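Participant: Please find one structure pasted underneath; my questions will follow.
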Amino acid sequence: MTTVHASAVLVGARAVLIRGPSGAGKSRLAWELIDAARGGALAFARLVGDDRVYLQSTHGRLLVRPAATLAGLIELRGVGILRRDHEPCAVVGLVVDLAVADAERLPDPGKTVVLQQVTLPRLAVAPAVPALPLVLAIVTSSDAVNVSNAT
């Protein structure tokens with residue numbers, strides 16, 4: 001397993017892995033996805049891990065797990081560290097990179113990233129651009145069925 005500085009949220013059947021530099025909004029996006037499920041914008045969303053997660057490639061899929069010492073904890077800047085229900089393991093279906101220079105206004109919908117020899121759909125979000133509407137558009141669109149069911 002590899003440790004990465006990232007957050008992950010299980011959205012439906014697949015996890016959204018959220019990467020980015022410190023202060024980019026990884027925890028906030030994770031919180032917003034969970035809150036979107038509570039508000040009905042998503043059918044289901046649950047925290048996998050915040051701040052540090054473990055990645056493991058197995059049988060062509062990328063698994064994500066929370067760091068044991070941080071399991072069930074999420075930091076909400078300005079509020080503090082909160083405890084939430086969490087999933088002990090999930091299959092990654094989408095990688096979101098926050099505050100990146102290669103974000104495009106009209107990106108290629110087939111943009112991917114390879115992590116541990118697993119090819120995954122990738123969403124690059126420019127600095128200062130709200131990520132939640134973009135992620136919701138991907139995970140709730142009919143085209144996202146391919147993302148959420150990717151193996």
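Participant: Looking at 83, 122, which is the one that is modelled with pLDDT of 95 or more, surrounded by 11 or more Cβ atoms within 10 Å (Cβ to Cβ) and of a type outside the set (A, V, I, L, M, F, W, C)? Spell out the reasoning first.
Facilitator: Working: 83 fails: surrounded by 11 or more Cβ atoms within 10 Å (Cβ to Cβ).
Only one candidate passes the filter, namely 122.
A quick yes/no check of all residues on (1) within 24 Å of residue 114 (Cβ to Cβ); (2) of a type in the set (A, V, I, L, M):
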| position | (1), (2) |
| --- | --- |
| 12 | yes, no |
| 19 | yes, no |
| 55 | yes, yes |
| 66 | yes, no |
| 83 | no, no |
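Participant: Specify which of the listed residues (36, 13, 6) is among the aliphatic types (A, V, I, L, M), closer than 20 Å to residue 126 by Cα and within 14 Å of the chain's Cα centre (by Cα). I'd like the intermediate steps shown before the answer.
Facilitator: Details: 36 fails: closer than 20 Å to residue 126 by Cα; 13 fails: closer than 20 Å to residue 126 by Cα.
Sole residue among the options that is among the aliphatic types (A, V, I, L, M), closer than 20 Å to residue 126 by Cα and within 14 Å of the chain's Cα centre (by Cα): 6.
Participant: Name the single residue, out of those in the range 86-102 being modelled with pLDDT of 95 or more and in a loop (DSSP other than H, G, I, E, B), that is farthest from residue 135 (Cα to Cα). Full working, then the answer.
Facilitator: Here is the first cut: in the range 86-102, the residues modelled with pLDDT of 95 or more are 86-100.
Checking which are in a loop (DSSP other than H, G, I, E, B) leaves us with 87-89, 98-100.
Details: 87: 20, 88: 22, 89: 21, 98: 11, 99: 14, 100: 15 Å.
In this case the residue turns out to be 88.
Participant: Based on this model, can you work out whether residue 22 counts as closer than 19 Å to residue 133 by Cβ and hydroxyl-bearing (Ser, Thr, Tyr)?
Facilitator: No, not satisfied.
Participant: Next question, about the same structure. Hey, among 30, 45, which residue is within 19 Å of residue 80 (Cα to Cα) and surrounded by 15 or more Cβ atoms within 10 Å (Cβ to Cβ)?
Facilitator: Working: 45 fails: within 19 Å of residue 80 (Cα to Cα).
The conditions single out 30.
Participant: If residue 7 passes every condition in (1) under 18 Å from residue 68 (Cα atoms); (2) out of contact with any helix residue (DSSP H, G or I) (no Cβ under 6 Å at 6 or more places or on another chain) but one, which one does it miss?
Facilitator: (2)
Participant: Now a separate question. Is there a residue in the range 15-37 that is of a type in the set (Lys, Arg), free of Cβ contacts under 8 Å to residues at least 60 places away in the same chain and in a loop (DSSP other than H, G, I, E, B)? Steps first, please.
Facilitator: Taking the range 15-37 and keeping what is of a type in the set (Lys, Arg), we get 19, 26, 28.
Filter again for free of Cβ contacts under 8 Å to residues at least 60 places away in the same chain, leaving 28.
Pick out the ones that are also in a loop (DSSP other than H, G, I, E, B) and you get none.
Scanning the range 15-37, I find no residue that is of a type in the set (Lys, Arg), free of Cβ contacts under 8 Å to residues at least 60 places away in the same chain and in a loop (DSSP other than H, G, I, E, B), so the answer is no.
Participant: Hey, among 117, 56, which residue is over 26 Å from residue 137 (Cβ atoms), in contact with a Ser or Thr (Cβ under 6 Å, 6 or more places away or on another chain) and not β-branched (Val, Ile, Thr)? So that I can check it myself, show each step before the final result.
Facilitator: Details: 56 fails: in contact with a Ser or Thr (Cβ under 6 Å, 6 or more places away or on another chain).
One residue alone meets the criteria, 117.
Participant: Here's something else I'd like to know. Filter the range 58-80 for residues that are surrounded by 15 or more Cβ atoms within 10 Å (Cβ to Cβ) and either among the hydroxyl-bearing types (Ser, Thr, Tyr) or touching a helix residue (DSSP H, G or I) at 6+ places or on another chain (Cβ under 8 Å) (or both) and give the result.
Facilitator: 74, 75
The values are calculated or read from the model by the stated rules, or taken from the named source; none is laboratory data. What you see is a predicted model, and the numbers here were worked out from it, not measured in a lab. Every residue, glycine among them, receives a Cβ derived from its backbone with ideal geometry; neighbour counts consider all protein chains shown.
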